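The values are calculated or read from the model by the stated rules, or taken from the named source; none is laboratory data. Owing to the predicted nature of the structure, the values given are computational and were not obtained by experimental measurement. We place every Cβ from the backbone using ideal geometry, glycine too, and count neighbours over all the protein chains shown.
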Amino acid sequence: MLLTLALLISYIDRGNLPNATALISLQLGLSAKQMGLLFSSFYFTYVLAMIPAGYLAERYGAKIILATGFALWSIATLLTGVCSGFATLLLCRLLLGIGESTTFPCMSKLLASTSPPEQLGRANGITSVGYLLGPAVGTFLGVAVMVRYGWRSSFLFFGGMALLWIWPWLRRTVREPRLSQSPQAGPSWRQLLRQRGLWAASLGHFAGNYTFYFVLNWLPDYLDKTRGLSLSSMSIVTGVAYLLNAVGAYSAGVLVDRWSQRNRSVSVIYKSLMALNHVAALGCMLGLYALPLRPAIACLFVYQLIVGLASPGCFAIPQVMAGPAGTARWVGVQNMFGNVAGILAPSITGYLLGSSGSFGHAFLIAGLVNILGILGWIILLPRVEPVRWSLIAAVH
């Protein structure tokens, strides 16, 4: 439950800035290109710190590394509420990225260490609810605070509340293997990086994240400026969409576990959900831009529901394949490459919007990138099953 809450808080904090785009850009006089850079800047440090975060989680323990990262990003959120211009906002976003880089490597290591393989679907489904529900909670509650008290109050509120999570987390006992206790407990970096599955999953993760981060960062502005929704209406639409996302994630976790308990291949179910996700994302992005308002919103809801269905697989697949001793580093590498999309999607969209004033090409790119997802998850990814690290070590 605390892991789920941590992921929920992390996505509230990273999504707070997009919800405040209209208010911040108006008050501080920031352009669309500057806002795009602020959205992307989070992912500069988030991506660069991902592999070190995975290594530190395996060496010193995911519990303490996650607590340290949590404290850093909570402070960065608090400080955002007192920023006076582009430079200070940029610095806070960079600090936020460093702190939040600990989330998924630590979460994956803890789940792989404490959950048997046949329960990883449900475990990842439950934790996925946290990071998929985060944008919904952040949108509903954050917008309500902004409307009543201004955008600064939202950052101060969420940053202060987040710090309260650290105390119960530090009091919790967690059993997990560490490389510092047994240097030979897991695969070497060379063995890990030679796995085709790692790079296939990284490609698929990048494609899914490009579309997801495009929607996460620019949907509020699109619904406001292009579709003419008020701030309150926008918060309702996006909030419901993210609620559907969370429902899909939990449902997929239950479905995968029931499938595996009947001695069926988890590889088939995970790959099927990934394929469904990318096909639906391609169509929904085009529909979200080209269709009238109500069908476009329906496309958004369908997209978020199906993204939720695929979400547990993003991290359950490396947990199954890498095992407890290699998961944090695998996810660190996979999430690093996957979150390069967090740099590209917001900044490319900001550039296109600043140049043409239209979201058309941005939605087209967000749809077509899903072809790479099909290539990675379905064609290049080998069978989803535990990698025999000891056998690989004996061969090499």
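Annotations for the structure displayed:
- Selection count where residues are without any contact (Cβ under 8 Å) to a residue 60 or more places away in the chain and either over 21 Å from ILE65 (Cβ atoms) or assigned to a helix (DSSP H, G or I) (or both), scope the stretch 98-120: 3
- Any chance ILE317 is surrounded by fewer than 20 Cβ atoms within 10 Å (Cβ to Cβ) and either touching a strand residue (DSSP E or B) at 6+ places or on another chain (Cβ under 9 Å) or in contact (Cβ under 8 Å) with a residue 60 or more places away in the chain (or both): no
- Some residue of the stretch 289-305 being over 28 Å from SER233 (Cβ atoms), touching a residue at least 60 places away in the same chain (Cβ under 8 Å) and crowded, with 19+ Cβ neighbours inside 10 Å: no
- Extreme residue, surrounded by the most Cβ atoms within 10 Å (Cβ to Cβ), among residues of the stretch 270-288 that are free of Cβ contacts under 8 Å to residues at least 60 places away in the same chain and closer than 19 Å to PRO318 by Cβ: LEU273
- Residue check for ALA22: over 25 Å from VAL147 (Cβ atoms), in contact (Cβ under 8 Å) with a residue 24 or more places away in the chain, more than 18 Å from the chain's Cα centre (by Cα) and surrounded by fewer than 23 Cβ atoms within 10 Å (Cβ to Cβ): no
- Filter result for the condition that a residue is buried (at least 20 other Cβ atoms within 10 Å of the Cβ), within 18 Å of the chain's Cα centre (by Cα) and modelled with pLDDT of 90 or more, over THR80, THR103: THR103
- Complete set of residues in the stretch 90-131 that are of a type in the set (A, V, I, L, M, F, W, C) and over 26 Å from THR77 (Cβ atoms): ALA112, LEU120, ALA123
- Restricting the stretch 49-97 to residues that are in a loop (DSSP other than H, G, I, E, B) and out of contact with any Ser or Thr (no Cβ under 9 Å at 6 or more places or on another chain), the residue that is farthest from PHE158 (Cα to Cα): GLY85
- When GLY350, GLY338, GLY332, GLY326 are checked against the criterion of being touching a Ser or Thr at 6+ places or on another chain (Cβ under 7 Å) and crowded, with 24+ Cβ neighbours inside 10 Å, GLY338 stands alone in meeting it.
- Enumeration of residues in the stretch 65-77 that are in contact (Cβ under 8 Å) with a residue 40 or more places away in the chain and surrounded by fewer than 22 Cβ atoms within 10 Å (Cβ to Cβ): ALA67, ALA71, ILE75
- Unique residue being at pLDDT below 90, over 23 Å from SER230 (Cα atoms) and small (Gly, Ala, Ser) when the list is GLY15, GLY61: GLY61
- The helices (runs of 4 or more DSSP H) located wholly in the stretch 121-223 that include 3 or more residues which are crowded, with 23+ Cβ neighbours inside 10 Å occupy 151-162.
- Selection within the stretch 347-392 - hydroxyl-bearing (Ser, Thr, Tyr) and touching a helix residue (DSSP H, G or I) at 6+ places or on another chain (Cβ under 6 Å): SER347, THR349
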